[in-house]
Structures are given as structure tokens and as C-alpha cells.
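The values are calculated or read from the model by the stated rules, or taken from the named source; none is laboratory data. Every value quoted in this text rests on a predicted model; they were computed, and no experiment measured them. A quick note on method: Cβ atoms are made from the backbone with ideal geometry, for glycine too, and the neighbour counts reach across all protein chains shown.
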């Protein structure tokens with residue numbers, strides 16, 4: 001996850017926004033296939049992180065496409081897990097802005113609608 005955050009920072013600094021991100025599928029008889037299946041670099045025998053769970057892959061994909069609104073929740077989750085809360089906020093170095101108030105949540109709207117009729121409640125004196 002640390003490397004995915006670094007990649008997101010690099011993309012931000014270079015002003016690059018990939019339209020698509022492809023999952024890795026190993027090709028037979030390559031070093032990357034060996035790393036994918038064993039979790040080790042065959043040249044050095046050092047452990048290599050391999051995201052197996054779909055959630056881990058989704059977080060990495062979201063970090064690469066951090067500007068997409070649908071990825072915001074996963075990006076915030078990944079940054080918090082990586083200990084990089086400094087990249088959340090309104091700073092120009094931030095990847096995403098985490099609002100304290102959810103404007104899409106109907107409970108936060110000032111004018112609530114009547115559940116039965118769908119009309120707004122009127123405040124009569």
C-alpha cells in the first residue's frame with residue numbers, strides 16, 4: 001500500500017490522471033509470475049507484497065485514480081491505513097478532501113421532506 005501511495009503522489013505531482021487501470025495477470029515463464037505466486041523475488045529471495053484480496057486491489061486502483069469521485073471513500077480508507085492522513089484535506093498536496101458533513105445524506109439537509117407526501121414540512125407560527 002505504501003508504494004501505491006507513492007505512485008499516487010507521483011501522478012499528482014506530474015499532473016497525470018490515468019483513465020484506466022488494469023489488474024495484473026501473470027504471464028507464464030516470467031519473473032513476475034514467480035513473484036505473484038510465491039510472494040518472493042526469485043533473484044534476492046526477499047518477500048514481495050502481492051495483493052490477493054479484491055479489497056486490496058480496489059484500494060490500489062482507487063489510489064491511482066484518486067480524482068474520481070467514486071473512489072474517494074477507498075482512497076481515504078487506504079490513506080488512513082497507510083498512516084498518510086497528511087494527504088487528506090484541503091492542502092494543495094492532498095489527494096482527497098474529506099468533508100466532515102455528508103451533503104448527500106438526507107439527515108443533514110435543512111429542509112426535510114414529509115415521508116408520506118414527499119412535500120417539505122412547513123413551519124407555521
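Assorted remarks:
This table checks each residue for (1) touching a residue at least 24 places away in the same chain (Cβ under 8 Å); (2) in a helix (DSSP H, G or I); (3) under 26 Å from residue 66 (Cβ atoms).
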position	(1), (2), (3)
4	yes, yes, yes
9	yes, yes, yes
17	yes, no, yes
33	no, yes, no
52	no, no, yes
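- The residues of region 76-88 that are without any contact (Cβ under 8 Å) to a residue 40 or more places away in the chain, surrounded by 12 or more Cβ atoms within 10 Å (Cβ to Cβ) and in a helix (DSSP H, G or I), listed by number, are 76, 77, 80, 85.
- Residue in region 59-70 that is free of Cβ contacts under 8 Å to residues at least 12 places away in the same chain, part of a loop (DSSP other than H, G, I, E, B) and within 22 Å of residue 98 (Cβ to Cβ) present: yes
- Just one of the listed residues (91, 23) is assigned to a loop (DSSP other than H, G, I, E, B), modelled with pLDDT under 90 and touching a helix residue (DSSP H, G or I) at 6+ places or on another chain (Cβ under 8 Å), and it is 23.
- When 44, 100 are checked against the criterion of being outside any helix (DSSP H, G or I), at pLDDT 95 or above and exposed (fewer than 12 other Cβ atoms within 10 Å of the Cβ), 44 stands alone in meeting it.
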